[in-house]
1. So which residues in segment 30-42 are free of Cβ contacts under 8 Å to residues at least 40 places away in the same chain and part of a strand (DSSP E or B), if there are any at all?
2. When you check Gly58 against the structure, is it closer than 24 Å to Asn80 by Cα and surrounded by fewer than 19 Cβ atoms within 10 Å (Cβ to Cβ), yes or no?
3. Do you know which residues across segment 18-29 are in a strand (DSSP E or B) and over 14 Å from Ala52 (Cα atoms)?
4. Report whether or not Ile61 is within 18 Å of Ile28 (Cα to Cα), modelled with pLDDT of 95 or more and touching an Asp or Glu at 6+ places or on another chain (Cβ under 8 Å).
5. Report yes if Ser74 is exposed (fewer than 14 other Cβ atoms within 10 Å of the Cβ), of a type in the set (Ser, Thr, Tyr) and in contact with a Leu (Cβ under 9 Å, 6 or more places away or on another chain), otherwise no.
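The values are calculated or read from the model by the stated rules, or taken from the named source; none is laboratory data. Small disclaimer: the values here were computed from a predicted structure and weren't measured. Neighbour counts are summed over all protein chains in view; Cβ atoms, including those assigned to glycine, are modelled from backbone coordinates with ideal geometry.
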Amino acid sequence: MTDWIRVAATAECPPGSAMEIVAAGEVIALFNVEGRYYALDGICPHQGGPLAKGELCGQIITCPWHGWQFDVVSGQHLVNESIRHRRFAVKIEDGSVLVRVENEA
């Protein structure tokens, strides 16, 4: 089953910023890159750092704990092509940011 969950108002995450949300038991990092919203698993796969608390430069997020970097659009790790971080689909409706979370039935 797939659920769209409202996670923020668009104004809460202005361009060039990131925020951490917990929705449906998932820690989600929400990013606004030039007015477009993207969402990744909020937990860095290296050692569990909080990705949304890292530095967002363009579409690249750097984990604040150990510097792992990901493209927020694709989830791709910048150094190791075999690592692709989990992404969530995002849509905007009536000034709200919704993220699709898939739950097991």
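1. Passing the criteria: Asn32, Arg36.
2. yes
3. Within segment 18-29, just Ala23 meets the criteria.
4. yes
5. Numbers: exposed (fewer than 14 other Cβ atoms within 10 Å of the Cβ): yes; of a type in the set (Ser, Thr, Tyr): yes; in contact with a Leu (Cβ under 9 Å, 6 or more places away or on another chain): no.
Answer is no for this residue.
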